[in-house]
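Coordinate-derived values only; no laboratory data. A quick note: this is a predicted structure, and the numbers were derived from the prediction, not measured. All Cβ positions, even for glycine, are placed from backbone atoms using ideal geometry, and neighbour counts span all protein chains on display.
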Amino acid sequence: MSKVTIGLDVGGAHLKVARVEGTRLVAVRQIACPLWQGLDQLDQAIREAASLLEGADAFAITMTAELTEIFESRESGVLAILDRLRERLSGELRIYMGLKGLAPPNIAASDPLSVASANFLATAALVSRLRPRSLLIDMGSTTTDIIACDRPLGLSDAERMQTGELVYTGFTRTAVPSVATHAPLAGQWQSLARDAFANMADVRRILGTLPEDVDQHATADGRGKTQKESLERFARGFGRDADIRHLSTWQVSAVYIEEQQLRSMHDGALQVLSRPGSTAESVIAAGIGASAAKQIAMRLGLPPEFFGDLIESSDDDQKLWATRCAPAVAVALLLNA
């Protein structure tokens, strides 16, 4: 019988879970986990994942959740999350430590900064084996990783924000005024309120390009997620009510804001590729924003491929969610390699 390994990517907004038997992905899921509300949210997410965790031989764990505001420091966050996972999971635990690989919890606890936000390196390590000379663009709900998989440079979030490898913009949760402070509206430039009335999930709902199953968190005003409600939030950022203009007019403004976000990703990719000795023959698109990553690949003139298409799996839905939950899949496969 093949070894059953569970890959866990513990984020500040989601828990991503991948179940691997041998080298084959058999299940993968993203579960909302708003950790800023407390560690009990991680407990709840683990309970929701119970059917995927059942009968596991080992757990391969990576994280970014140590950045959550409830922790005094990244180091204390890593240690708190490790303690919680050791209490809640039964079986062999291996923690991903970036360039140091996978290690038992006691070793990881002695070097928490190697554990902190290392999930991008897990994905890059697997991609470099499967598709050498690739540029990984993984756009999640909050951030975008852009990694030359054969030669990653920054090892911390701070370093990667300098190198272009981390662009702090995401497919759904990013607030509109952090993407753009003005936009065109009905033939004039309009300054935007620098308040979180709407996010990029709202922008994409207005445009009709948001998949229904990727935005798992409450809206900024606690109301619903129809196109009409998203448009009302979006218009508020212009100091206006939605019914003052037709939908098509607002959609032009939304296209402009989406374009500003794409340009920030394109700039990051160009910075990464500008490093002497960097080469990329293709782009591996990952995350819930893999469609946006594919657009960047086309702008770069590089052929795109979705991460899930690299993975041995049984059906297209699993490949789709493997793309969306790439680090969880990657750490499981790295442990089973």
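What the table shows:
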{"item": "Given charges at beta-carbon only (K, R positive; D, E negative), |dipole| of the stretch 176-265 in Debye", "result": "200"}
{"item": "Cα gyration tensor shape of the stretch 126-165, rounded if a/c is under 1.5, else prolate or oblate by comparing a/b with b/c", "result": "oblate"}
{"item": "Nearest-ten-degree value, helix 247-273 long axis tilted from longest Cα axis of the chain", "result": "40"}
{"item": "Ranked by how many other beta carbons lie within 10 Å on average, peptides 20-27, 64-71, 323-330 from highest", "result": "323-330, 64-71, 20-27"}
{"item": "The chain - share of DSSP beta bridges that are antiparallel (%, nearest 5)", "result": "60"}
{"item": "Whole-angstrom gap from the stretch 137-155 to the stretch 64-98, using each part's C-alpha centre", "result": "21"}
{"item": "Per-residue [θ]222 nm for the chain (sum of -39500 (n - 2.57) over DSSP H runs n ≥ 4, rounded to 500)", "result": "-11500 deg cm²/dmol"}
{"item": "Given charges at Cβ of Lys, Arg, Asp, Glu: the chain dipole, positive-most of Ile6, Tyr168, Val214", "result": "Tyr168"}
{"item": "Highest average packing first - 185-196, 169-180, Cβ atoms within 10 Å", "result": "169-180, 185-196"}
{"item": "29 Å Cα cut-off, lysine pairs counted over the chain (separation 8 or more, or different chains)", "result": "12"}
{"item": "Test item: Cα-centred dipole of the chain, Lys/Arg +1 and Asp/Glu -1 on Cβ, debye", "result": "520"}
{"item": "Size-normalised alpha-carbon gyration radius of the chain, reference 2.2 N^0.38 Å", "result": "0.99"}
{"item": "Peptide ranges 2-12, 244-254 listed from the most packed, as the mean C-beta count within 10 angstrom indicates", "result": "2-12, 244-254"}
{"item": "³J(HN,Hα) computed for each position of the stretch 82-89 - Karplus, 6.51 cos²θ - 1.76 cosθ + 1.60, integer Hz, glycine/proline x", "result": "4, 4, 5, 5, 5, 6, 9, 10"}
{"item": "Shape call, the stretch 197-337: gyration tensor on alpha carbons, a/c limit 1.5", "result": "oblate"}
{"item": "Computed over the stretch 14-101: relative contact order in percent, which uses C-alpha pairs under 8 Å that are six or more apart", "result": "24"}
{"item": "Alpha-carbon gyration tensor eigenvalues x 5, square-rooted, for the stretch 90-175, Å", "result": "23, 16, 13"}
{"item": "Cβ charges +1 (Lys, Arg) and -1 (Asp, Glu), total dipole of the stretch 210-250, debye", "result": "200"}
{"item": "Hull volume in cubic angstrom per residue (convex hull over the Cα atoms of the stretch 176-265)", "result": "92"}
{"item": "For the stretch 256-300 and the stretch 1-24, distance of Cα centres in Å", "result": "27"}
{"item": "For the stretch 319-329, Karplus couplings with θ = phi - 60° (6.51, -1.76, 1.60), whole Hz, Gly/Pro x", "result": "5, 4, 6, 5, 4, 6, 10, 4, x, 5, 5"}
{"item": "Relative contact order, percent, the chain [alpha-carbon distance under 8 Å, six or more residues apart]", "result": "20"}
